[in-house]
Amino acid sequence: MPTVRDVRAKAGKEPITMLTAYDAPTAAIVDGAGADVILVGDSLGNTSLGYETTLPVTVDDMARHVGAVARATDDALVVADMPFLSFGVDEAASLENAGRMLKEEDAHAVKLECGPHTVELTERMVQLGIPVMAHLGLTPQHVNQYGGFPRQGTDEDSARRILELAQAHEDAGAFSLVLEHVPSNVAAQVTEAIDIPTIGIGAGPDCDGQVLVIDDVIGLSDWSPSFSKQFGDVKGEMESAVEGYVDAVESETFPAAEHSYEESDLDRIY
């Protein structure tokens, strides 16, 4: 079984590869490609559920998708993203929600969008055996506070706060840290200052690893952030295939003889 120790052991030695996945077929592909970590992100609110933000995603939504991914994964570490207001409001509820992802859905760890309020919670989760991946910089669950998805850590005070929170969460027992949409020189300094691995998304090349949303990587999104890169055109392939199907049915070229069969003794049933 993959463990958080496997991820930590790669820090500074070999880049850590992480991608999101939200269903079993995609998870099997990501796992088979050799990714170290699969994040079942609350980004499924945007990619799979049709929401404009991640805020409506529920614990039940996450549990269903985490379980699907975990059942299809053999080698990658499966990390469950904890959705908006599922943690940090009440400690008992936070622990129960996070523990459910491990106990019932077979995740190996959880990810928290972090701030000062999650330092003690991280420590408590780790004490109870729930490994925590911290997340600093742009935290999409704060979209209403930010007024969008702006870069973070772009001045000395905010950059220093990110560094201090990274150190605090490391001290609290987090096994890794996602840094999102921060200046690359800030991410490089945070990576140098802490011992746990950093995983960047829009944070430059000097983190210990990288993560992207799978829809952006395979070309399934209508829009992708500037820091992502498309490595395929799955949307184009799907559109072509579906258009081909519709055309074949309408032109009566599908199904053909090879797509059906007859039973010789059923020629007269009326």
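The values are calculated or read from the model by the stated rules, or taken from the named source; none is laboratory data. Just so it is clear, the model here is predicted, and its values are computed rather than measured. Ideal geometry is used to build each Cβ from the backbone, glycine not excepted, and the neighbour counts take in all protein chains shown. Calculation scope for accessible area: heavy atoms of the full protein, side chains included, ligands and nucleic acids excluded. Shrake-Rupley method; radii C 1.70, N 1.55, O 1.52, S 1.80 Å.
Brief remarks follow.
- The chain - percent of accessible surface contributed by carbon and sulfur, probe 1.4 Å: 49 percent
- Mean-position separation - Cα centroids, the stretch 223-252 and the stretch 81-116, in angstrom: 35 Å
- Spacing of the modelled spin labels on H142 and M238, each 7 Å from Cα toward Cβ, amounts to 3.2 nm.
- The stretch 72-134: GluC sites (Glu not before Pro) in DSSP coil with no more than 16 other Cβ atoms inside 10 Å: E104
- Between L55 and L266, the FRET efficiency estimated from the beta carbon spacing at R0 = 41 angstrom works out to 0.15.
- For the chain, with +1 on Lys and Arg beta carbons and -1 on Asp and Glu, the positive-most of T3, Q167, G45 along the dipole: Q167
- Once the chain from F149 to D247 is taken as fully extended at 0.36 nm per residue, the excess over their C-alpha distance is 31.2 nm.
- Cα gyration tensor shape for the chain, rounded if a/c is under 1.5, else prolate or oblate: prolate
- Nearest-ten-degree value, helix 91-103 long axis tilted from longest Cα axis of the chain: 50 degrees
- The stretch 165-270: Cα Rg divided by the 2.2 N^0.38 Å rule of thumb: 1.99
- Karplus-derived HN-Hα couplings along the stretch 115-125 (A = 6.51, B = -1.76, C = 1.60, θ = phi - 60°), whole Hz, x at Gly and Pro: x, x, 6, 9, 5, 5, 5, 4, 4, 5, 4
- In this simple spin-label approximation, A28 and N185 carry label points 7 Å from Cα along the Cα→Cβ vector, and these lie 4.8 nm apart.
- When only the Cβ of Lys, Arg, Asp and Glu is charged (+1, +1, -1, -1), the dipole of the stretch 39-181 relative to its Cα centre reaches about 160 debye.
- Sparsely packed loop sites in the stretch 141-233 (the trypsin sites (Lys or Arg not before Pro) outside DSSP H, G, I, E and B with at most 11 other Cβ atoms within 10 Å) comprise K229.
- Selection among M18, T54, A98 by position relative to the dipole of the stretch 1-153 gives M18 as farthest towards the positive end (Cβ unit charges, Cα centre).
- In terms of its alpha-carbon gyration tensor, the stretch 21-151 comes out oblate; a/c meets the 1.5 threshold, while b/c is at least as large as a/b.
- Rounded to whole numbers, the Karplus 3J(HN,Hα) couplings from phi for the stretch 148-161 are x, 10, x, 4, 10, x, 8, 10, 4, 5, 5, 5, 5, 5 Hz, using 6.51 cos²θ - 1.76 cosθ + 1.60 with θ = phi - 60°, and x at Gly and Pro.
- Dividing the C-alpha radius of gyration of the stretch 99-197 by 2.2 N^0.38 Å, with N its residue count, gives 1.09.
- Kirkwood Rh, angstrom, the stretch 170-213 [1 / mean 1/r, Cα pairs]: 10.1 Å
- Near the amide H of V178, within less than 5 Å, lie the amide hydrogens of A134, H135, L136, I199, all on another chain or at least 5 residues away, with H placed in the peptide plane.
- Size descriptors for the stretch 202-256, from the alpha-carbon set: Rg then Dmax equal 17.3, 56 Å.
- Partners for K103 among lysines (Cα-Cα distance below 22 Å; same-chain residues under 8 apart left out): K111
- Whole-Hz couplings from phi, Karplus 6.51/-1.76/1.60, listed for the stretch 17-29; x for Gly and Pro: 9, 9, 9, 7, 8, 10, 8, 5, x, 5, 4, 5, 5
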